[in-house]
Ligand code: PLP
């Protein structure tokens, strides 16, 4: 236990919790205590724990072919089938799929493919990427540079300047609106800021704008209605690609198959997928690009002799088999419809917390949501650091529920898509009790 360097952890206050097993929407610690997993692990265990079909699929695939790589065109049927299925599902035109192992490496792949593509079409100077404040796109050197959260940069000497990451506003009305600014005025102002940034840098130097349709790690920010329509108009005007990072929002999470549909993004040029792609039973990610982008890279790779990018585990057969089965279960069991229905109920119940003295804002869509805890409910004044959020998260854990404090003092909820109404009620009851305990701590 003492030899582990824990990821995304305060090294000075590492309170370990040994999770031993899981079943359905619950996990159990080494003392047998039960917890409702209200964050689906890290926004990923959509089909919950101990799903026998997925376990058998992995086991069968391991027996049949435990490993085979995809370099030089070597392939296997589960990989081919998964790519075909995904390509037919996503809103990206003639989608082509590159497999990886995590959301972070999939975003790295995208950065490299953007460069490869624009070099191929004779626009090598078009490599910069616009990302938003408070976005989360992963933690490798390149993806952390896209991420717009301080802890992912501080002491790491990031962002990495040579990447050319440009930063624009987070579309969070509650936190970022000016006094007396309407939602419509807020949208106009931040979309105008985006346009000014493009003009300042030069559209011919900017490849893409990466967005999480609805954010996760930065506190579940749902942009005001109409934001993406205006953003898309600007991007079209300046010939900049829209890149949807759907690592959290894909596969039914927000009430539709993809988050793009929920927020009105039409035809993104690129999409990043991971997490619920395999219900987290095996690590796998997908970097999805438009077919014409791939076509442009074909000649380029022939000149070099190879498209010089690929991971040992790109298209790992066990991951592909599990992902394929996960997609089959989503369709066969109508999981996205179920999630939309339960998600509407979850939002209704979460919104009851707006009356709690500690809660400044409740936000979310479908089966992802957050409540922001504030020092002053009237003014919306934030707590100076994450102490209160962490206390609330710990209180939830003591009360038998796992959720996550994000972006300082927001509590995030993202249960497995398979939960039922009574498990949502359980989540709300445990949160209510924990919030009251947090209030006692604060006053
Ligand atoms: N992109 C988004 C939107 C994410 O939420 C995450 C992880 O939470 C990532 C990328 C990085 O994924 P991973 O942790 O698998 O590297």
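No value in this document is a laboratory result; all are computed from the given coordinates. Only a predicted model underlies this, so the values are computations on that prediction, with no experimental measurement involved. A quick note on method: Cβ atoms are made from the backbone with ideal geometry, for glycine too, and the neighbour counts reach across all protein chains shown.
Placing pseudo-labels 7 Å out from each Cα toward the beta carbon at residue 385 and residue 312 gives an inter-label distance of 4.0 nm. One Cα centroid belongs to the stretch 24-45, the other to the stretch 102-148; the line between them spans 33 Å.
What ranking do 220, 231, 141 get, fewest neighbouring Cβ atoms within 10 angstrom at the top? It would help to have the intermediate numbers written out before the result.
Values: 220 29, 231 24, 141 15.
Taking fewest neighbouring Cβ atoms as first place, the list is 141, 231, 220.
For the chain, a Gaussian network of Cα nodes joined below 10 Å ranks 51, 157, 420 by mean-square fluctuation, and the top entry is 157. Would you please classify the overall shape of the stretch 1-153 from the alpha carbon gyration tensor, given that a ≥ b ≥ c denote the square roots of the eigenvalues, rounded means a/c under 1.5, and beyond that prolate means a/b larger than b/c while oblate covers the rest? Oblate. Stretching the chain fully between residue 200 and residue 33 yields a gain of 54.5 nm (0.36 nm per residue, less the alpha carbon separation). Enclosing the Cα atoms of the chain in their convex hull gives a volume equal to 149 cubic angstrom per residue. What separates the Cα centres of the stretch 47-70 and the stretch 292-343 is a distance of 16 Å. Beta bridges assigned by DSSP with both partners in the chain are antiparallel in approximately 65 percent of cases.
Note on residue 133 and residue 185: with the Förster distance fixed at 22 Å, the Cβ-Cβ geometry gives a FRET efficiency of about 0.70. Multiplying the residue separation of residue 377 and residue 161 by 0.36 nm and removing their Cα-Cα distance gives an extension gain of 73.9 nm. Look at 57, 262, 254, 75 and count the other Cβ atoms within 10 Å of each Cβ; fewest to most, that gives 75, 262, 57, 254.
Within the listed set 132, 253, 349, the Gaussian network model of the chain (springs between alpha-carbon atoms below 10 Å) gives the highest mean-square fluctuation for 349.
The stretch 194-225 and the stretch 365-400 have Cα centres separated by 26 Å. Label separation (residue 334 vs residue 440): 4.4 nm, computed from points 7 Å beyond Cα along the C-beta direction. Would you please state which residues of the stretch 262-277 a label at residue 85 would reach in this model, taking the label point 7 Å out along Cα→Cβ and a backbone N cut-off of under 19 Å? Hits in the stretch 262-277 for residue 85 at 19 Å: 272-277. Rank 137, 316, 356 by mean-square fluctuation in a GNM of the chain with C-alpha springs under 10 angstrom and give only the top-ranked residue. Top of the fluctuation ranking is 356.
Rounded to 0.05, the FRET efficiency of the residue 239 and residue 178 pair, given R0 = 25 Å and the Cβ-Cβ distance, is 0.25. Assign one of three labels to the stretch 159-294, namely rounded, prolate or oblate, based on the Cα gyration tensor with a ≥ b ≥ c the square roots of its eigenvalues; rounded applies when a/c is under 1.5, prolate when it is not and a/b is larger than b/c, and oblate otherwise. Cα axes put the stretch 159-294 in the oblate bin.
Over the stretch 267-365, the Kirkwood radius and the radius of gyration, each from Cα atoms, give a ratio Rg/Rh of 1.16. Sorted into 5 angstrom bins from 0, the C-alpha pair distances of the stretch 75-208 split as 2, 9, 14, 16, 18, 17, 12, 8, 3, 1, 0, 0 percent.
Placing a label point 7 Å from the Cα of residue 302 along the Cα-to-Cβ direction, the residues of the stretch 104-127 whose backbone N falls under 20 Å of that point are 116-123. When each of 230, 378 is scored by the number of other beta-carbon atoms lying within 10 Å, the sequence from fewest to most is 378, 230.
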